[in-house]
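One structure below.
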Amino acid sequence: MLRRFITSLLLSFVVLSVHSKGHFPSLFLGFNPRVQALAYQYPVQAQLIFDAGNEANTYTDQRFGAGAQAQNDNSSNAFRHSVWNALSVKKLKDIGASEATATEIVRLFTSAYEYNDAGTALVKNAASAMDLHNNLVGRSFKNYTTVNQLLDSLYLKSIEPKVVTVSLEQNLASHNADANTAWTLLENTASSTLEVNKLLYRIDPCTTVLLLNHPITEAVKFEVSNNIQAKNVVVATAKVTYDAQKYVQLNPGFKAEAGSIFTAYVDGCGNK
């Protein structure tokens, strides 16, 4: 949904020349009336959330390979939505909003993007539930001091084994409520300290590309449908497998320390 939102806005983009309340940012004319109404009410915040969306797309391509921002349902999508929401909250706080106000305004906008084109009803499918959940994780994420630290932390949350593969039913059930109440929580919770909102969700367990730059200290298997490019350290305590359908590329900087167990092969998702 985020990718469609950015594309729609770019198609209708006109330079935002006014920021005072009551003036409508014309860049939002291309999206549903619920988002448009919010843009009337919060024009400055709307621009900042739009900017955060563009930045989230760029960061996603940097971490998951060119074109990753257009992918849905997998780890790169989970990363993109969580980063978008976290950056949006930060941008609103940077202009003086309180934590509570920033998270609530970002919730209003990012939940509205999950509505139908008429802006009259939330789209209740697996992709929308995934997006709403990962939006909430991003708004709830506070444990960082710099943007790079934020990106590193959410990237690690978005790849195996940090991200959880769930069906629609599992997503809703994880909120310990009936389905209708779970949808209400997903749409209307600004931020949360609940354990379930510390984990990113995905539908498709197969990531397309991984660019690995961080140390790995645990047992983990990465499976991707295209390629893995690694320049990271596999520490002595780790047991790691890189499995890519096309190729695994170990770049300068990659090291498997003595005592680690490291395997790489060309196979792809779900085969071995």
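One table, with the values for the structure above:
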| item | result |
| --- | --- |
| Check on Thr120, touching a Lys or Arg at 6+ places or on another chain (Cβ under 9 Å), hydroxyl-bearing (Ser, Thr, Tyr) and assigned to a loop (DSSP other than H, G, I, E, B) | yes |
| Ala126 surrounded by fewer than 22 Cβ atoms within 10 Å (Cβ to Cβ), touching a helix residue (DSSP H, G or I) at 6+ places or on another chain (Cβ under 6 Å) and not hydroxyl-bearing (Ser, Thr, Tyr) | yes |
| Unmet requirement for Thr181, which otherwise passes all of (1) surrounded by 17 or more Cβ atoms within 10 Å (Cβ to Cβ); (2) farther than 22 Å from Asn74 by Cα | (1) |
| Those strands (runs of 3 or more DSSP E) lying entirely in the range 194-249 with at least 1 residues farther than 19 Å from Thr60 by Cβ | 219-230, 239-244 |
| Matching entry among Ser225, Ser153, Ser158 (being in contact with a Cys (Cβ under 9 Å, 6 or more places away or on another chain), under 16 Å from Ser75 (Cα atoms) and touching a residue at least 12 places away in the same chain (Cβ under 8 Å)) | Ser225 |
| Contacts under 6 angstrom Cβ, first residue in the range 117-135 being closer than 15 Å to Thr165 by Cα, partner modelled with pLDDT under 95 and assigned to a loop (DSSP other than H, G, I, E, B), 6 or more apart | Asp131/Met1 |
| Flag for Gln69 being crowded, with 20+ Cβ neighbours inside 10 Å, in the same structural domain as Tyr144 (by TED's automatic domain parsing), more than 29 Å from Asn171 (Cα to Cα) and touching a residue at least 40 places away in the same chain (Cβ under 8 Å) | no |
| Flag if Glu169 is outside any strand (DSSP E or B) and in contact with a helix residue (DSSP H, G or I) (Cβ under 7 Å, 6 or more places away or on another chain) | no |
| Only one of Val220, Val196, Val166 that is in the same structural domain as Glu257 (by TED's automatic domain parsing), surrounded by fewer than 21 Cβ atoms within 10 Å (Cβ to Cβ) and over 15 Å from the mean Cα position of the chain (by Cα) | Val220 |
| Residue count, the range 76-96 (criterion: in a loop (DSSP other than H, G, I, E, B) and in contact (Cβ under 8 Å) with a residue 24 or more places away in the chain) | 1 |
| Residue check, Thr58 within 30 Å of Ser225 (Cα to Cα), out of contact with any Lys or Arg (no Cβ under 8 Å at 6 or more places or on another chain) and surrounded by fewer than 20 Cβ atoms within 10 Å (Cβ to Cβ) | yes |
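The values are calculated or read from the model by the stated rules, or taken from the named source; none is laboratory data. None of the values given here were measured: they were computed from a predicted structure. Neighbour counts run over all protein chains shown; Cβ positions are idealised from the backbone, glycine included.
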